Amino acid sequence: LTSLAVPDISSLTTLGNNFMEYYAYNDTSLTSLDVPDTSAITRVGTYFMAQYAYGCTGLTSLAVPDTSALTYAGNYFLWYYANNCRSLTSLAIPDTTALTSNGGLFMSNYAANCTGLDYFVMDAAPGWFAANNVNWTVPAAATTDEEGLKAIVPAEHLEAWQVLTATGKTLALNRITDPANVVAAEPKAGAPGSGDLDGDGLVTISEAVSVVGYILSGGELSAEQIAAADIDGDGTLTMADVVLMVRLAAGL
């Protein structure tokens, strides 16, 4: 196997013990691994997805389940989730903003032996980690880069995550001790051709000005933003796209 699908559980709201524990355990041939849709799950039992990708040394990326609705997790939540995934250069951290209680060994050894890590990716506020210090067992080898291990976080939560680089806090326990290594993620653009450069669902004059700057002087736009600004779909950003953006911004 080089890839592994997952069951559709999108209609479930609670899960018992040992859900998908050992699912891809030591499958060294895998190059991709999906995660189930857990966006509606509010409670999980013990060993939730524990050792899910343990020993999957061929993986270069690994998603995490959507836990944004989760309020309670039993013991051993995501225990050894990515252990020994040595080819990973980044690893996402689950959304714990709704979590109010959990059992023991919460995310213990989550990133153990992930020696190739360059950065963690957070898509939400610190949530549980703001008041609870959790060690994901990041190996020392993950910090050999001269700039050190980094955390990529939403811009609106940058300061909240930077606070956690203080001694004893979650990021410090996981080898990120410099607030400068906690950096804001680039804004996610809207759909291609939408004109929405920052993903807020709106097209504004300031976004059109940004595109003018890109056209005239090569201003900075991400690949996603360029695709979003290409309203006429010809593969090139021109003043014609800017005119269309202005019209959208004006509601025309």
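Each value in this text was obtained by applying a stated rule to the coordinates, not by laboratory testing. All values reported here derive from a predicted model rather than from experimental measurement. All Cβ positions, glycine included, derive from the backbone under ideal geometry; neighbour counts span all protein chains shown.
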message = Within 14 Å, Cβ to Cβ, of Ala40, how many net charges do the neighbouring residues add up to if Lys/Arg are +1 and Asp/Glu are -1?
response = -3
remark   = Ratio for region 83-204, C-alpha Rg to 2.2 N^0.38 Å, reads 1.14
message = Using the alpha carbons of region 193-233, what is the convex hull volume per residue in cubic angstrom, as a whole number?
response = 63 Å³
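So what's the net charge close to Ala249: Lys and Arg +1, Asp and Glu -1, counting the other residues with Cβ under 11 Å from its Cβ? Mind showing how you got there, number by number?
On the way: positive: Arg247; negative: Asp196, Glu207.
Neighbourhood net charge equals -1.
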remark   = Given 178-191, 67-80, 4-17, the highest-first ranking by average Cβ count within 10 Å works out to 67-80, 178-191, 4-17
remark   = region 29-68: spread of alpha-carbon positions along the three principal axes, whole Å, largest first, is 32, 18, 11
key: Cβ charges +1 (Lys, Arg) and -1 (Asp, Glu), total dipole of the chain, debye   = 940 debye
key: For region 133-181, the Rg and Dmax computed from alpha carbons only, in angstrom   = 10.4, 30
remark   = Once Ser90 and Asn135 are pulled to full extension, the length gained, defined as 0.36 nm per residue separation minus their Cα-Cα distance, is 14.5 nm
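Hand me the GluC sites (Glu not before Pro) from region 67-175 located in a DSSP loop with no more than 11 other Cβ atoms within 10 Å, in residue order please. Working shown, then result.
Details: sites: Glu146, Glu147, Glu156, Glu159; in loops: Glu146, Glu147.
Answer by residue number: Glu146, Glu147.
Stretched out fully, how many nm does the piece from Leu4 to Ala191 gain, at 0.36 nm a residue minus the Cα gap?
Numbers: separation 187, 0.36 × 187 = 67.32 nm, distance 2.78 nm.
Gain on extension, Leu4 to Ala191, equals 64.5 nm.
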ask   = Just the Cα atoms of region 1-75: what Rg and Dmax do they give in Å?
value = 12.4, 35
key: Residue-count net charge about Thr165 - beta-carbon cut-off 13 Å; Lys, Arg +1, Asp, Glu -1   = +1
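Can you tell me what percent of all Cα-Cα pairs in region 149-252 are more than 22 Å apart? Walk me through the intermediate numbers first.
Details: 2291 of 5356 pairs.
So the pairs more than 22 Å apart make up 43 percent of the total in region 149-252.
Given the DSSP H assignment, sum -39500 (n - 2.57) over each helix run of at least 4 residues in the chain and divide by its residue total; what's the result at 222 nm in deg cm²/dmol, nearest 500? Don't skip to the answer; put the middle values down first.
Values: 5 runs with 40 residues, N = 252.
Calculated from helices alone, the mean residue ellipticity at 222 nm is -4500 deg cm²/dmol.
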query = Where in region 54-78 is the amide nitrogen less than 15 Å from a point lying 7 Å along the Cα-to-Cβ axis of Asn26?
reply = 54-58
key: Column: log10 I(q)/I(0), Debye, Cα scatterers of the chain, q = 0.09, 0.12, 0.13 Å⁻¹   = -0.48, -0.80, -0.90
